[in-house]
Structure formats: C-alpha cells, structure tokens
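Every number in this text was worked out from the coordinates using simple rules, so none of it is lab data. Nothing here was measured: the structure is a model prediction, and the numbers come from that model. When we count neighbours, we look across all protein chains shown, and the Cβ atoms used for this are built from the backbone with ideal geometry, even at glycine.
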Amino acid sequence: MDVPILISPSVLNADLADLTREIGRISSADYVHLDVMDNHFVPNMTFGLPVVERVLATTDVPADVHLMIDAPDTWAPAFAEAGAASVTFHAEAATAPVRLARELRAQGARAGLALRPATGIESYLDLLPEFDMVLVMTVEPGFGGQSFITGTLPKIRRTRDAITRSGADVWIQVDGGVSRETIGAAAEAGANIFVAGSAVYSAEDPVEEIAALREAATAAFRP
C-alpha cells in the first residue's frame, strides 16, 4: 500500500498568543501538531481543550493532537469529539489503550499510540491494527528544541517491519529534533509523518521549509 509522507509542524515553538496567525503561516502543512501538556505527565504546561476547540474553529489545517497528560482514558475522547483529526495518547499513561483507541475511532478521529524514547514497541506489536499511528518520540517529551535521539532509529525500524509484516495501515510519526539534518534518517528507518517545530517556525519561510522537509523525507523513505 502507498504510505503518505506528511509534515505536521508543532506550534510549541510558535507564538501561542496568536495561534490563528501562526497556523496561517503553515497553511501548506498536512496537519498542525498541538501539544497538550498538564505539568504532571511531563514537566511543562501548555493548553487544554478550550484552546484546541478554538483552533479547530479558526483553521482549515487538520489538527494532530498529542496528549502528554495523565488519565488520557478520561480526557482524550473529548478532543476527538471536538473535531481533532488525530488524537495521540501515551502508552505509559493509558490504562486501557485498545479500548481508548476504539473510542477515539468511534468519534471519527485517528487513534495514535505514543512511546517515550525508552519505551519498547514489543508489547504492542500484536495490537498494531487497533491503532492508526504509532508516535515514536525522538526526544524526551515536554519541551521543544531538543536534539534528536539517534538511538530511537532501531525502534522505528522494528515498528515499520512489524507493520509491513502485518499488512496493517498504520503510520509512524516521529516527534523531536526533526530538521533537514535528521529527517532523512528517520524516513529511511520507516517513519512517514514528521513533527517539526523549531525547524519550521524558526525558518524565514515556513512554507518553504515544509516543502524542503517533505522532499528530504520522500527521497529517503524506506517502506
């Protein structure tokens, strides 16, 4: 099956006081990545459901919501109900990940399972068809601007190999330290959707940067 190459810029490095304008700067992106943090699961706090609902009401770019929060089983469905195109929760925080994924899908959202850099994929390989996406964190979650952890590349490869063997239609997302210098390695390992915050929002022309990232990932991708 054809695997799309997608760019999902994170607003974590944007001007959070004017998200409508900042998302307008990335109108060519496939998604806008919204990092919801609660200062419990990760040592940082961003915004919650009311801000996401406002974003959904003011932009046509599909929302890719990444929940870095405790108790996602309780809170995640509301983001799907609000209209997020994709809702990703952390394996380390969810009580019943399969049940939660099914609930998100029932609400019309893609269901994503996120793994910290040190969390293995092995426990979830037999459950891959229950998810639409696996997010392999390539930095420790919580803060933007960190350096890409190259030690996550073998996990990306194992995940891609397992998806290929299963025949499941599951995307692999990487988030953290993604730039022109690192996106090729992640794509070669099997990732196909890329979260880039600093690289896009620090560029003079975010649209041009998105195009460059997409081109580099497309050239390197290994299905």
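Identify, among Thr119, Leu153, Ser166, the residue whose Cα sits farthest towards the positive end of the charge dipole of the stretch 110-185, taking +1 on the Cβ of Lys and Arg and -1 on the Cβ of Asp and Glu, with the dipole about the Cα centre.
Leu153
Taking amide hydrogens as modeled 1.01 Å from N in the peptide plane, which residues meet the under 5 Å criterion relative to Glu92, leaving out close sequence neighbours?
Under 5 Å from the amide H of Glu92: Arg116.
What residues have an amide H closer than 5 Å to that of Leu6, excluding those fewer than 5 places away on the same chain, when H is modeled at 1.01 Å from N in the peptide plane?
Long-range HN contacts for Leu6: Ile193, Phe194.
Looking at the square roots a ≥ b ≥ c of the eigenvalues of the Cα gyration tensor of the stretch 1-113, which shape do they give, rounded for a/c under 1.5, prolate if a/b is larger than b/c, or oblate?
Here the stretch 1-113 falls in the oblate category.
Quick check for me: using +1 on Lys/Arg Cβ and -1 on Asp/Glu Cβ, what's the dipole size of the chain about its Cα centre, in debye to the nearest 20? Mind dumping the intermediate values first?
Numbers: 16 positive and 30 negative charges, 109 e Å.
Dipole about the Cα centre, nearest 20: 520 debye.
Any chance you could list the semi-axes, whole Å, largest first, of the equivalent ellipsoid that the Cα gyration tensor gives for the stretch 123-205, using √(5λ)? Don't skip to the end; give the middle numbers.
Details: eigenvalues 119, 28, 26 Å².
Sorted largest first and rounded, they come to 24, 12, 11 Å.
Kindly give Rg over Rh for the stretch 6-220, based on alpha-carbon atoms, with the Kirkwood expression for the hydrodynamic radius. Kindly include the intermediate steps, with their values, before the conclusion.
Numbers: Rg = 15.7 Å, Rh = 16.9 Å.
Rg/Rh for the stretch 6-220 comes to 0.93.
Give the peptides 97-104, 186-193 in descending order of average Cβ contacts within 10 Å, highest first.
Working: 97-104: 18.8, 186-193: 24.4.
By packing density, highest mean first, the sequence is 186-193, 97-104.
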